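A short worksheet on the structure shown next.
The values are calculated or read from the model by the stated rules, or taken from the named source; none is laboratory data. Keep in mind that what you see is a predicted model, and the values were worked out from it rather than measured. Positions of Cβ are backbone-derived with ideal geometry, glycine not excepted, and every protein chain shown enters the neighbour counts.
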Amino acid sequence: MGNNTTRFLRLSAWMMLIFMLSGCSGCSDKAAERDRKQMRKAIAFRSGDLSGKTEKESPEVRGTCIRSFFSESLHYTGEGMRYWYEGKGGFKEITGIPYADLDCKNCHIQSCDTCHAGMKGEKHFFSEAIAKDMNTCLPCHGREALAFKLDEKNGTPDVHISAGMVCSDCHYRSDVHGDGRFRESMRHTKGVRASCEECHVEQERESPVFDPESESHRLHMETMTCSACHVQSSVSCYNCHFDNFVKTGKREGNFLPMKDWVLLINHEGKVTSGNVQTLTYRNRKFIAYAPYFTHSISAKGRACADCHRNEAVQVIENGEKVPVVRFENGSLQTWKGVVPVMKGKLDWVFLDKSEKDWEAIPDKSPPMEQYVGFGTPLTDEQFELLATDVSE
């Protein structure tokens, strides 16, 4: 028997053993094609094509995926979006469309290739360096890419980006590959391991040291997260026009990007930064409030007056609603600054998209409302603290 045949049989035996020990998931053709598309997109970004498109498609990646603890990770399952969309009070109650029939599910990956596969000519190779390249992350994590773009345009770049840091400096190990435990959302306890404290308190990496004796830290560290004071503003892909999204399968042009305000919302016993997702479908309106960490960090926290007795607080105190987003004379007008999430106290505009442009939906009835990511509105007691004058 020739040497090549012997080597082939040995390799086949090892592969069969691996399959028996690991369990083979048998990736579908559809999933494999999805991964190939994402990989092509990432390669295009790394080559400087910010559109995420490339004329020459990469050769097909054939083979079978081996199941591992990664198959329980959020990167693999994409469970967060499905969980809230199909859950009680979720947007599916308006659309009636199963999550499995939506393009949203295609954002998530089922093989290592999407993040780790490099290409030289027509030859693929495994690369850890490619997985650590931000241009591998940003084609999928588009909201973060949008935040970086808007901050750069406004001259207020994230402090970590300015320091030359990349995604993998904070997100690694279980944040990327999971830990073998299924979670329904990244907002689940330990769904995301990265934290400010890891570097600034525990000094796992050398970083500016957290001062627990500063007045703001001493007063707030037990009741608020770092992001409540240090996120400059939240990036929002506002008013997802779901009719067009379902029709075209494209997000581009079917939402309105904005980054002017930051919400304060409760999560796991502390006040943290928040965000909203507004959607419309056949002129029916929906809004979801969520804890949200926009990667738009300022080294200096907010001043007391940025939150306490600020303009939004005074509007609510006067029995009115805060007009967070308005639509006047054909253009959006957005609130600037901190807005506390108080149930029924915030006002949002909802738009339909005609062939010509965006138009306000005439129906004035309140939207269907959902709190996702285990977030809850501020309590009356918390609002009273915000309404306290601390200027003296």
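Descriptive notes on the structure:
- Selection within segment 89-122 - modelled with pLDDT of 95 or more and out of contact with any helix residue (DSSP H, G or I) (no Cβ under 8 Å at 6 or more places or on another chain): Gly89, Glu93, Ile94, Gly96
- Residue satisfying all of: in segment 361-384; part of a helix (DSSP H, G or I) and among the charged types (D, E, K, R); surrounded by the most Cβ atoms within 10 Å (Cβ to Cβ) among these: Glu384
- Scanning segment 83-99 for residues that are assigned to a helix (DSSP H, G or I) and farther than 16 Å from Phe245 by Cβ yields Tyr83, Trp84, Glu86, Glu93.
- Condition met for Ser236 (out of contact with any Cys (no Cβ under 9 Å at 6 or more places or on another chain) and either of a type outside the set (D, E, K, R) or closer than 26 Å to Val349 by Cα (or both)): yes
- Taking segment 119-146 as the range and being free of Cβ contacts under 8 Å to residues at least 60 places away in the same chain and assigned to a strand (DSSP E or B) as the test, the residues that pass are Lys120, Lys123, Phe125, Phe126.
- The condition (being part of a loop (DSSP other than H, G, I, E, B), farther than 24 Å from Phe286 by Cβ and among the polar types (S, T, N, Q)) is satisfied by just one residue among Ser207, Ser216, Ser233: Ser207.
- Scanning segment 324-365 for residues that are over 24 Å from the mean Cα position of the chain (by Cα), within 17 Å of Leu386 (Cβ to Cβ) and of a type in the set (Gly, Ala, Ser) turns up just one, Gly344.
- Residues within segment 338-358 that are out of contact with any strand residue (DSSP E or B) (no Cβ under 6 Å at 6 or more places or on another chain) and surrounded by fewer than 17 Cβ atoms within 10 Å (Cβ to Cβ), tallied: 6
- Looking only at segment 231-250, and only at residues there that are without any contact (Cβ under 8 Å) to a residue 60 or more places away in the chain and buried (at least 16 other Cβ atoms within 10 Å of the Cβ), the one that is nearest to Asp151 (Cα to Cα): Ser236
- Complete set of residues in segment 267-289 that are in a loop (DSSP other than H, G, I, E, B) and of a type in the set (Lys, Arg): Arg282
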